[in-house]
Amino acid sequence: MILRINIGAFILTDAVRNAVHELGDDRLFLRSTLNVEEGGMAAALNFLSQHSTPELLIIETTAQDDALFDELNALADVCQPGTRVILIGAENDINLFKTLIDQGISQYFLETVTGEELKASVVDAFAEKAMNAKSRTIAFFGMRGGVGSSELAHNVASELAQLYNEDVILVDLDIAFGTAALSYNLQPAQTVADAIAQAGSMDEPLMMRYLESGAKNVSLLCAPGNLNSGIEITPQALEMVLKVIKQMASYVVLDIPHMWNPWVQDMLVDADDTVIVGTPDLYNLRDGKNLFEFLAPNRGMEAPTRLILNKVGELKKGALSEKEFTDVLGTKPSLSIPFDGDSFSAAMNNGELLRAVAAKADSTAIVQTLAQLVSGKETKTDLAKKSKGGLLASLLKK
Ligand SMILES: Nc1ncnc2c1ncn2[C@@H]1O[C@H](COP(=O)(O)OP(=O)(O)O)[C@@H](O)[C@H]1O
Ligand SMILES: [Mg+2]
């Protein structure tokens, strides 16, 4: 999760100042603005009478009893409704605590607060906002190039549309080399490069011009797939484009190229479900370890980071086992997909998806299971219960 909020902190003590500065250093708040002022509640009231209200206020106060409620009433007068307030106060009274929460204070800390506590309560206060998002975003990223991340993203997009009969938008972010248009046999007139170039004026009608229809319920924002676009993605432009896209479909599938820069990091941290694809060899193990170490502290507990091992069985010698990945990455693979040259090359050469060229292949069934897992509608246990025996059951048992 990445929070994009304005925070105003009005503090009195060193300890709280340090806690607030710890927030500022946390990646969760990289895209937030943080304004820290001395002077506690008095400074907050003064500031708010002259400025618009930040989405989150962190306020320290020493007032007690009636004086405290006078302050809170004064605060309510200058605050826009819906503002989240975290209060650090001096009074230890359980009834007070209840009254404050009733009055719309998100959290009350007695006397002081640590950076961790503050972070946890901000996440709580804004979790609801994230839950209310219209769509679910699923990001696909390879530990290395060529591991099959794009192919899986394209197939999962189509499976989500078919399984749940919901709108899916597949966004190919590999500007120069993307293959989503090839997977869906499209010759896009407009691409993600055009959308990025127009990011500043993006809205739904404009976006409709850039989307191509790939299949029933699947629209694509294709990559140009050539070297000439001259467009470079920036975190800001991409955010503006995705903000609109997320209003337009139930699922947004992001095909992220194998590169490492701020917008890639944002996408991996921010997605509801991040799928990290690797093949079982040593280089993937090293890069996978680095990726999981980066993602674990930056993604919320609720948002899964999935490990998918792909092309399993391709290497006859020197392949690593699932267990080696589990031990080093601290995460079990959600699924392992066998190397299946016949099905994947047929899909590539025909410009079709696995379901069309290899309906009965094991790899097609596993990709369907992957779509179910990332859908957010079914848990692994649910899926295991539904499948009485057979391939799926054995996959999910692991
Ligand atoms: N399980 C698999 N078995 C065989 N070939 C695969 C498998 N998964 C992907 N491929 C093939 O690997 C190649 C690279 O896949 P791609 O999705 O472009 O990789 P990435 O996006 O990770 O760079 C493609 O030709 C794809 O069809
Ligand atoms: Mg790719």
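FYI, it's all coordinate maths here, none of it is from the lab. No experiment lies behind these values; they were computed from the predicted model shown. Here the Cβ positions follow ideal geometry from the backbone for every residue, glycine too, while neighbour counts run over all protein chains shown.
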Inset, instruction - Please give the helix 282-298 orientation as an angle from the longest Cα principal axis of the chain, in degrees from 0 to 90, rounded to the nearest 10. - result: 30 degrees
Inset, instruction - Go through region 102-173 and name the trypsin sites (Lys or Arg not before Pro) that are in a DSSP coil and have 11 or fewer other Cβ atoms within 10 Å of their Cβ. - result: K134
Inset, instruction - Starting from the exponent 0.38 and prefactor 2.2 Å, build the expected Rg for the chain from its residue count and divide its actual Cα Rg by it. - result: 1.13
Inset, instruction - Scan around E314 for amide H atoms under 5 Å from its own, H built in the peptide plane at 1.01 Å from N, and keep only partners 5 or more places away or cross-chain. - result: F339
Inset, instruction - Using label points projected 7 Å from each Cα along Cα→Cβ, tell me how many nm separate N95 and N185, to one decimal. - result: 7.4 nm
Legend entry - Förster radius 25 Å - calculated FRET efficiency between W260 and T326, Cβ distance, rounded to 0.05: 0.55
Legend entry - Additional length obtainable on full extension of the chain from E204 to R144, 0.36 nm per residue less Cα span: 18.2 nm
Inset, instruction - Find the Rg to Rh ratio for region 35-143, where Rh is the Kirkwood radius over alpha-carbon pairs and Rg uses the same atoms. - result: 1.05
Inset, instruction - Obtain the nm distance between the two label points defined at E302 and D362 by a simple spin-label model: each point lies 7 Å from its Cα along the Cα-to-C-beta direction. - result: 3.7 nm
Inset, instruction - Only Lys, Arg, Asp and Glu count, each charged at its Cβ (+1, +1, -1, -1), so figure out the dipole size of region 1-89 about its Cα centre, rounded to 20 debye. - result: 520 debye
Inset, instruction - Quick one: angle between helix 235-245 and the longest Cα principal axis of the chain, in degrees between 0 and 90, rounded to 10, please. - result: 80 degrees
Legend entry - Residue pairs, from the table K289/K386; K332/K385; K134/K332; K332/K377, whose Cα atoms sit over 22 Å apart: K289/K386; K134/K332
Inset, instruction - Quick one: dipole size for the chain, taken about the Cα centre, charges +1 on Lys/Arg Cβ and -1 on Asp/Glu Cβ, in debye to the nearest 20. - result: 2100 debye
Legend entry - Nearest-ten-degree value, helix 362-374 long axis tilted from longest Cα axis of the chain: 10 degrees
Inset, instruction - Can you tell me the equivalent ellipsoid semi-axes for region 155-300? Use √(5λ) from the Cα gyration tensor, largest first, whole Å. - result: 24, 18, 16
Legend entry - Sequence of H51, H154 once ranked by neighbouring C-beta atoms within 10 Å, starting from the fewest: H51, H154
Legend entry - Approximate spin-label separation D70-K134, in nm, with each point projected 7 Å along Cα-to-Cβ: 4.8 nm
Inset, instruction - Rounded to whole Å and sorted largest first, list the principal axis extents of the Cα atoms in region 67-129. - result: 29, 27, 17
Inset, instruction - Using DSSP to define loop residues, name the chymotrypsin sites (Phe, Trp or Tyr not before Pro) in region 227-280 whose beta-carbon has at most 16 other beta-carbon atoms within 10 Å. - result: W260
